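Okay, so here's the structure we're looking at.
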Amino acid sequence: MPIKTLLDFRDPEACKRMVIKIGSALLVDNSGRVEVEWLRTIVNEIWTAREMGIDVVVVSSGSIAIGAKQLDFEEGGRRTLAEAQASASVGQIELASVWRQLLAERDLTAAQMLLTLDDFESRRRYLNISATLRRLLKSGVVPVVNENDTIATGEIRFGDNDRLAARVAQACQADGVILLTDVDGLYDKHPDEPDAERLDEVHGVTDEIHAMADTESGSGLGSGGMTAKLLAAEIAEKAGIALAIVNGKAENPLARAMASQAATLFLPQRDESGRRAWIGGRMRFAGSIKVDDGCVRAVRNGKSVLAAGVIGADGDFERGDIIPVFDVTGNMIAKGLVEYDANDVEAIMGMQKDDQEAILGHAPRSAVMHRDHLVLM
């Protein structure tokens, strides 16, 4: 039974496992110290969920903000990559220590996992993440996950913990994600405007929904913003996972949100298999292909991408890579496993199957992307 309402996050029949993401603006004060008393109420809510039979994984921001204050770095430690990495390496020790201490107060064991985008983009490492998370949860442990900012560079990092939380939810097969932030949810315009209205439910993240987002992180401590949260919701909704944006500024924010129903709930739109969910969640690519309108219609009707419908190839991808498929207007319509290298796709694009063997020098494959390895966006 999937999550259909905010109250279902308290129902172990609908939500057997959840991921709670906590932003830097909530967890760290202006002096660079952890808001321990506030965080203790979160731990109490984690304990309550565990008592109800719900597994909990935490995605915790804050290491850069904590370390930057200790190192006296300006701009929250984000002025340069080196300062961000140094801040994270200092702050992560204190952050992990606080989580261990507070969870131990409720007889809960903490585990730390530091991950990068590369860990999720590699199928083998993704499966290792999944296995580790499931084993920790089976042992009654509360995993505390953060991006490994000490080594992550622009090419191999998420850049925000919202999308990390959605990918962690995929990996541990969670039913729901709660993003704790400093607003009550998604508004149809900037929340400071007097006629702004909060959306209680969203059935699929569309271009119209994206247009409502504020791309800035209001606190200056974090790296996310509403746009990052909508990107996380897109990842979650395609994997059959509900996602809620909840105001976490007060103590016991989960209980308060349930009581007031003040949040935005993004409902699942599909329930992809584990491998297809992994393909749909991929974020980094070596290239892409462009297809004509006829191919777009075929793909949306469950067909494969054939060479005859390909009108362009970009990048230096290799056979077996996961790459996106764009339509003629530049909209991404799918992601999938490509059956040819970029050079071969360019050589046979627009051709019928009977004409491809002479170009390739061998019998052509059944498709450029087979429907079994293709995920609609």
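No value in this document is a laboratory result; all are computed from the given coordinates. All figures in this text were calculated on a predicted structure; none of them were measured in a lab. Cβ sites come from the backbone with ideal geometry, for glycine too, and all protein chains shown count toward neighbours.
Below is a table of values for the structure above.
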item: Euclidean distance of C-alpha centroids, the range 82-120 and the range 222-252, integer Å; result: 20
item: Using θ = phi - 60° and Karplus 6.51 cos²θ - 1.76 cosθ + 1.60, couplings along the range 40-51 (whole Hz; Gly, Pro as x); result: 4, 5, 5, 4, 4, 6, 5, 4, 4, 4, 4, 5
item: Residues of type aspartates and glutamates that Lys303 reaches as a straight line, Cα spacing below 18 Å, ignoring anything fewer than 8 places off in the same chain; result: Glu272, Asp292, Asp293, Asp327, Glu339, Asp372
item: Candidate lysines - alpha carbon under 16 Å from Lys229, same-chain residues fewer than 8 apart omitted; result: Lys21, Lys189, Lys238
item: For peptides 325-333, 164-172, 251-259, sequence by mean Cβ density within 10 Å, most packed first; result: 164-172, 251-259, 325-333
item: Relative packing of peptides 350-357, 127-134, 82-89 - highest average C-beta neighbours within 10 Å first; result: 82-89, 127-134, 350-357
item: Selected from Gln70, Met113, Ser87, residue furthest toward positive end of dipole (the range 1-118; charges at beta carbon); result: Met113
item: Order of Tyr126, Tyr340 - criterion: other Cβ atoms within 10 Å of each residue's Cβ, fewest first; result: Tyr126, Tyr340
item: Dipole moment magnitude, nearest 20 debye, the range 6-277 about Cα centre, only Lys, Arg, Asp, Glu C-beta charged; result: 1380
